[in-house]
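Inspection log for the structure reproduced underneath, given as structure tokens.
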Amino acid sequence: MNTATSHYPAAPTSERVEVRTLCVLVDNEPGVLARVIGLFSGRGYNIDSLTVSETEHEKHLSRITIVTRGTPMVLEQIKNQLDRQVPVHRVIDLTTGGPAIARELAMVKVRGSGDNRMEALRLADAFRARVIDATTESFVFEITGASDKIESFINLMLPVGLVEVSRTGIVAIGRGPEGM
């Protein structure tokens, strides 16, 4: 937890930094993503993860999933500023808006032979990672799940012969029958 202290008695003595997953429904047109990202960079907000895809072809709508962090006040500002953007139809905070499911996909390339090769396969099986490419010298594994599961898998592959990682970023959706 990050804290910020103040010398003024009326000000809060500490503010916690929270991680939030925001889903933003936007028009699928050129420049929309640049405007949304510009909002973050222009105000010094960081984006931990970003995924974008068209979700409703007939309505020309795309869904942007952004994972960001900040104090509760900063996060509220981010949501309000996103909501005021012209091509934005809706902003949902999946972290606070009820139960949600968040997943990520990664491809993990591991080089190895002998015992390291066997260990990579054993770990992949334990994490339910699929082999999507194999040579006599390397594997490429596909793994999906929560980000911390993927982090754990990557960390375990480091001593085995990790070569490269490619990650999608987080996708998330609310639980239950209601849509965005």
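Derivation of every value follows stated rules applied to the coordinates shown; laboratory data play no part. These figures come from a predicted structure and were not determined experimentally. Note that each Cβ is placed from the backbone with ideal geometry, even for glycine, and that neighbours are counted across all protein chains shown.
Below, the figures for the structure above:
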| item | result |
| --- | --- |
| Label-point separation, Asp115 to Glu178 (7 Å along Cα→Cβ), nm | 5.5 nm |
| Alpha-carbon centroids, region 40-71 and region 108-163: separation in whole Å | 29 Å |
| Computed over region 101-172: relative contact order in percent, which uses C-alpha pairs under 8 Å that are six or more apart | 52 percent |
| Rounded to the nearest 20 debye, dipole of the chain from Cβ charges on Lys, Arg, Asp, Glu | 200 debye |
| Sequence of Glu54, Glu15 once ranked by neighbouring C-beta atoms within 10 Å, starting from the fewest | Glu54, Glu15 |
| For the chain, with +1 on Lys and Arg beta carbons and -1 on Asp and Glu, the positive-most of Ala146, Val19, Leu105 along the dipole | Val19 |
| Quotient of C-alpha Rg and 2.2 N^0.38 Å, computed over region 18-93 | 1.03 |
| Computed lengthening from Glu151 to Ser41, 0.36 nm per intervening residue step minus Cα-Cα distance | 37.0 nm |
| Ascending count of other beta-carbon atoms within 10 Å, so fewest first, for Lys59, Lys149 | Lys59, Lys149 |
| Ala126-Glu29 pseudo-label distance in nm [points 7 Å out on the Cα-to-Cβ vector] | 5.2 nm |
| Volume in Å³ per residue [convex hull over Cα atoms, computed for region 101-172] | 69 Å³ |
| Computed E for Glu164/Thr95 - FRET, C-beta separation, R0 35 angstrom, nearest 0.05 | 0.70 |
| 0 to 90° range, to nearest 10: angle between helix 115-126 axis and the chain longest Cα axis | 50 degrees |
| Pair Lys59, Asp83: separation of 7 Å Cα→Cβ label points (nm) | 1.8 nm |
| Neighbour cut-off at most 13 other Cβ (10 Å), DSSP loop, GluC sites (Glu not before Pro), region 94-177 | Glu137 |
| Cβ-based exposure ranking for Asp83, Asp115, Asp27, in which fewest neighbours within 10 Å come first | Asp115, Asp83, Asp27 |
| Size of the chain as Cα extents on the principal axes (Å, biggest first) | 62, 52, 32 |
